[in-house]
Structures are given as C-alpha cells and as structure tokens.
C-alpha cells in the first residue's frame with residue numbers, strides 16, 4: 001500500500017502529466033470519427049477530465065466533440081459495413097453516451113438518435129455472428145454489449161438479445177473438450193482462421209464477458225450458463241503450469257491451434273502472451289472471477305486467485321512483454337486492470353501490483369516523451385496518451401470513474 005506521502009507525490013506527478021496530455025490533445029489536429037483514434041475518444045477524455053477537475057472548459061470541449069460526432073452519424077457519413085464496430089462504428093459513440101449518463105457527467109438528449117440505430121445494430125450483429133465473426137473489438141460483440149445497456153429504453157431489445165444468444169449457440173463448436181469459437185474476423189487474420197481464439201479483444205473471453213452482462217439482466221440465463229461453463233471447460237483444458245526457469249510465464253494461451261500438438265512450436269508461441277488488456281492471463285483472471293461470482297462457482301474463483309496472484313510475479317519486459325506506458329500493450333493498462341481485479345475479487349493484494357505498474361508507467365512516460373511517437377499518438381485511446389491519462393485519473397480520483405466499462409472492465 002502507498003503511504004500518504006507517496007499518494008500526494010503521485011497526485012502531483014499525475015496532475016502534471018495530465019496537463020501535458022491535455023496540451024498534446026489540444027494540439028492534435030486529427031479529426032476522425034473514432035473512439036480509439038479520434039473525436040469520440042477525445043470527448044471521453046475531456047469528459048472525465050471535467051469530472052475530476054470541474055474545469056468547465058474541459059466539459060465544453062467534450063460537448064463540442066460529441067455534437068460533431070453526432071452530426072457525423074446523422075448526416076450518413078459512417079460506412080454501413082462499419083456501423084457495429086467499437087472504434088470506427090456507431091457502437092463506440094453509443095457506449096460513450098451511455099457511460100457519460102451513468103457516471104452523471106452529461107445527460108444528453110439523444111434518445112431519439114440512439115433509438116434509430118437499435119434495429120440496424122441488431123441486424124448487422126446477427127449477420128456477422130452467423131458468418132462466424134464473433135469478436136469484441138473487430139466484430140459484433142461490442143454492439144451486442146451496447147444493446148444490452150438499452151433494454152430499459154427499448155423493450156424490443158430483449159428479443160434481439162435472445163436471438164443473438166441463440167445464434168452464438170449455433171455457431172459454437174461443442175464436443176467433449178468443451179465449447180469454443182473460430183473467429184473469422186478477417187481473411188488475413190493472425191492467428192489463422194482455423195485457430196481457436198481465447199482472448200478478450202477477438203476471442204472467447206470477450207464473448208463470455210458480454211454474455212455474462214446479458215445473464216445479469218435475467219435474459220437467456222440457461223443458455224448463457226451452458227455457453228460460458230462449456231467455454232471455460234475448454235479454456236481450463238489449455239491451462240499449463242508456469243515455469244519461469246523455462247520461460248513459461250503464462251498459464252493460458254491467447255489462441256490455440258487444435259490441429260497441432262499442444263507442445264508444438266506454434267502453440268508454445270501462443271503461450272508467450274503479453275500481460276495486458278487485449279491478450280493473456282489478465283483476460284482469463286477477469287473472466288473467471290466474473291463467472292465465478294455470477295454462477296456462485298468457488299472453483300472458478302480459486303483458479304482466478306491462483307493465476308492472478310502468480311501473475312503479479314511477472315515484472316520484467318521478458319516476462320511481461322511490456323515496453324511502453326500505453327493502455328492496450330503497456331503498463332498503464334496493466335496497472336488499471338489490477339485495480340479492477342482487486343475490486344472484482346475483493347482481494348487487496350492486487351493493489352500492490354496496481355501501484356507497482358503505476359510507478360513503472362511514470363518511468364515509461366519519461367522514456368516515451370523523448371521520441372515523436374508520444375506526441376503523434378496523443379489523440380489515441382488504447383495506444384496513446386489518452387489511455388494513459390484515463391488510467392492515471394482513475395488512480396488518484398476519490399470518485400469511481402467507470403470510463404473503462406467501454407472495454408469490458
């Protein structure tokens with residue numbers, strides 16, 4: 001745990017970094033309709049900067065960017081084939097609007113505009129799932145997640161979700177090894193299209209976390225219970241012991257090629273996953289804690305604890321593959337995820353990992369500031385300065401900041 005002196009030092013240092021990041025975003029000239037690399041992400045950042053500082057200028061900038069993004073949607077400038085996508089589609093915009101209302105930052109009068117997209121998102125998501133594209137970040141599951149937040153606003157959505165869960169049931173592979181999905185999100189996909197994907201951004205973890213949110217609403221509980229449990233059964237069949245002496249740092253692979261032996265060179269590479277938001281053991285720790293609590297399954301919670309506490313031993317770049325301060329593949333994201341794992345598990349031991357990676361983030365920011373990429377990525381959320389800033393805000397804020405709900409945290 002931090003001493004009061006360390007906390008005060010963190011606040012001073014973080015507020016200094018936040019001023020730098022705000023300056024970089026202000027100077028950033030990119031004008032894209034995007035959550036990850038554009039105006040929607042900037043609106044999110046300014047909104048939470050406003051919530052923390054009460055500086056009305058940040059709030060006005062957020063509103064201006066939201067209005068600009070809404071106009072982009074309403075004038076038909078978004079590509080129809082992208083409408084369901086998290087970053088460049090309607091979904092990211094809708095999730096941000098929902099979250100700003102939930103966190104009582106802004107309650108924007110956009111219900112009519114949001115409602116116009118419900119059936120379009122449903123039909124697009126259903127079609128994508130039926131074609132085997134089942135991922136979160138580049139697939140339809142972010143749109144399904146968004147729809148799950150609108151059941152009170154639109155009663156028709158409950159039926160939409162029932163149909164979507166049924167479609168996920170039908171496209172799953174089910175046998176004595178368990179349940180899994182072959183994600184066809186891209187014809188040039190890496191991993192190959194016949195590899196089973198287990199991670200959060202493209203694979204089973206992301207699917208299951210969305211389904212558990214629908215389960216929480218009391219929708220399709222029996223079918224979701226089976227999908228998630230059978231999927232975890234397959235996931236646990238892939239679990240292997242860690243052995244730092246042999247360079248085995250991960251319990252779980254990010255993907256698995258079922259056509260090759262588990263000890264094949266290709267599958268061994270899949271076990272060398274980054275410690276991060278998008279891939280690796282932190283994904284499965286979150287899933288196991290969430291499913292364990294939802295299903296009252298102590299075995300899942302025990303496995304999550306085993307993997308989670310062991311993951312805290314990974315600290316070097318070789319063990320973690322962390323070499324920058326960003327959110328998706330960097331230290332600020334790992335710090336933030338450990339904070340959420342501590343909350344979800346009720347185990348404060350994870351806060352030591354959270355605090356460790358916050359300190360590492362300070363060092364990596366200093367290093368990143370020496371090259372142009374830090375400035376050039378100022379307007380990026382998961383791979384730029386905005387994601388760092390939001391993670392640091394969450395570290396020092398006395399209020400709970402739930403911006404990360406957009407990312408299934």
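The values are calculated or read from the model by the stated rules, or taken from the named source; none is laboratory data. Quantities reported herein were computed from a predicted structural model and do not represent experimental measurements. Cβ placement follows ideal geometry from the backbone for every residue including glycine, while neighbour counts extend to all protein chains displayed.
All conditions but one from (1) in a loop (DSSP other than H, G, I, E, B); (2) without any contact (Cβ under 8 Å) to a residue 12 or more places away in the chain apply to residue 159; the one that does not is (1). Applying the set (1) under 17 Å from residue 240 (Cβ atoms); (2) surrounded by fewer than 16 Cβ atoms within 10 Å (Cβ to Cβ); (3) without any contact (Cβ under 8 Å) to a residue 24 or more places away in the chain to residue 296 leaves exactly one unmet item: (1). Checking the structure you have, find out if any residue of the stretch 305-316 is within 25 Å of residue 360 (Cβ to Cβ), assigned to a loop (DSSP other than H, G, I, E, B) and in contact with a strand residue (DSSP E or B) (Cβ under 8 Å, 6 or more places away or on another chain). The answer is no, given that none of the residues of the stretch 305-316 is within 25 Å of residue 360 (Cβ to Cβ), assigned to a loop (DSSP other than H, G, I, E, B) and in contact with a strand residue (DSSP E or B) (Cβ under 8 Å, 6 or more places away or on another chain).
Can you say whether residue 46 is touching a helix residue (DSSP H, G or I) at 6+ places or on another chain (Cβ under 6 Å), in contact (Cβ under 8 Å) with a residue 12 or more places away in the chain and within 16 Å of residue 98 (Cα to Cα), as far as the supplied structure shows? Show your work before the answer.
Numbers: touching a helix residue (DSSP H, G or I) at 6+ places or on another chain (Cβ under 6 Å): yes; in contact (Cβ under 8 Å) with a residue 12 or more places away in the chain: yes; within 16 Å of residue 98 (Cα to Cα): yes.
Judged against the criteria, residue 46 is a match.
If we scan the stretch 1-12, do we find a residue that is within 24 Å of the chain's Cα centre (by Cα) and either within 18 Å of residue 396 (Cα to Cα) or in a helix (DSSP H, G or I) (or both)? So far as the stretch 1-12 goes, no, none of its residues is within 24 Å of the chain's Cα centre (by Cα) and either within 18 Å of residue 396 (Cα to Cα) or in a helix (DSSP H, G or I) (or both).
Looking at residue 266, is it outside any loop (DSSP other than H, G, I, E, B) and either within 30 Å of residue 155 (Cβ to Cβ) or touching a residue at least 40 places away in the same chain (Cβ under 8 Å) (or both)?
Values: outside any loop (DSSP other than H, G, I, E, B): yes; either within 30 Å of residue 155 (Cβ to Cβ) or touching a residue at least 40 places away in the same chain (Cβ under 8 Å) (or both): no.
Judged against the criteria, residue 266 is not a match.
Regarding the stretch 369-382, can at least one residue be identified that is more than 18 Å from residue 278 (Cα to Cα), modelled with pLDDT of 95 or more and not in a loop (DSSP other than H, G, I, E, B)? Taking every residue of the stretch 369-382 in turn, none turns out to be more than 18 Å from residue 278 (Cα to Cα), modelled with pLDDT of 95 or more and not in a loop (DSSP other than H, G, I, E, B). Just one of (1) modelled with pLDDT of 95 or more; (2) farther than 21 Å from residue 405 by Cβ fails for residue 20. It is (1).
Please specify each residue of the stretch 355-364 satisfying the condition of being buried (at least 24 other Cβ atoms within 10 Å of the Cβ) and more than 16 Å from residue 281 (Cβ to Cβ). Working first, answer last.
Going through the stretch 355-364, the residues buried (at least 24 other Cβ atoms within 10 Å of the Cβ) turn out to be 357-358, 361.
358, 361 - these are the residues of the stretch 355-364 that are buried (at least 24 other Cβ atoms within 10 Å of the Cβ) and more than 16 Å from residue 281 (Cβ to Cβ).
Checking the structure you have, find out if any residue of the stretch 259-271 is in contact with a helix residue (DSSP H, G or I) (Cβ under 6 Å, 6 or more places away or on another chain) and surrounded by fewer than 23 Cβ atoms within 10 Å (Cβ to Cβ). Yes, the stretch 259-271 contains at least one residue that is in contact with a helix residue (DSSP H, G or I) (Cβ under 6 Å, 6 or more places away or on another chain) and surrounded by fewer than 23 Cβ atoms within 10 Å (Cβ to Cβ). The residues in the stretch 83-110 that are free of Cβ contacts under 8 Å to residues at least 12 places away in the same chain and closer than 19 Å to residue 379 by Cβ can be counted, and the count is 0.
Regarding the stretch 136-153, can at least one residue be identified that is closer than 16 Å to residue 402 by Cα and in a helix (DSSP H, G or I)?
Yes, there is a match, as at least one residue in the stretch 136-153 is closer than 16 Å to residue 402 by Cα and in a helix (DSSP H, G or I).
Give the residues of the stretch 325-347 that are part of a loop (DSSP other than H, G, I, E, B), touching a residue at least 24 places away in the same chain (Cβ under 8 Å) and surrounded by fewer than 22 Cβ atoms within 10 Å (Cβ to Cβ), sorted by residue number. Working first, answer last.
At the first step, the residues of the stretch 325-347 found to be part of a loop (DSSP other than H, G, I, E, B) are 325-330, 346-347.
Next, only the ones that are touching a residue at least 24 places away in the same chain (Cβ under 8 Å) stay: 325-330, 347.
Correct list: 329, 347.
If you take the residues in the stretch 231-252 that are assigned to a loop (DSSP other than H, G, I, E, B) and out of contact with any strand residue (DSSP E or B) (no Cβ under 6 Å at 6 or more places or on another chain), which one is surrounded by the fewest Cβ atoms within 10 Å (Cβ to Cβ)? Even if it seems obvious, please write down each step before you answer.
Kept after step one, since they are assigned to a loop (DSSP other than H, G, I, E, B), are these residues of the stretch 231-252: 238-242, 247, 249-252.
After this cut, where a residue has to be out of contact with any strand residue (DSSP E or B) (no Cβ under 6 Å at 6 or more places or on another chain) as well, the list is 239-241, 247, 249-252.
Values: 239: 16, 240: 15, 241: 8, 247: 12, 249: 23, 250: 24, 251: 23, 252: 25.
This residue is 241.
Kindly evaluate residue 172 against the criterion of being more than 28 Å from residue 116 (Cβ to Cβ), in contact with a strand residue (DSSP E or B) (Cβ under 8 Å, 6 or more places away or on another chain), modelled with pLDDT of 90 or more and buried (at least 16 other Cβ atoms within 10 Å of the Cβ). Can you show your working first?
Numbers: more than 28 Å from residue 116 (Cβ to Cβ): yes; in contact with a strand residue (DSSP E or B) (Cβ under 8 Å, 6 or more places away or on another chain): yes; modelled with pLDDT of 90 or more: yes; buried (at least 16 other Cβ atoms within 10 Å of the Cβ): yes.
So residue 172 passes the test.
Among the criteria (1) modelled with pLDDT of 90 or more; (2) within 13 Å of residue 117 (Cα to Cα), the one residue 43 does not fulfil is (2). When the criteria are applied in full, residue 62 fails the requirement of being closer than 27 Å to residue 168 by Cβ and without any contact (Cβ under 8 Å) to a residue 60 or more places away in the chain. Scanning the stretch 190-204 for residues that are modelled with pLDDT of 95 or more, part of a helix (DSSP H, G or I) and either touching a helix residue (DSSP H, G or I) at 6+ places or on another chain (Cβ under 7 Å) or buried (at least 16 other Cβ atoms within 10 Å of the Cβ) (or both) turns up at least one hit.
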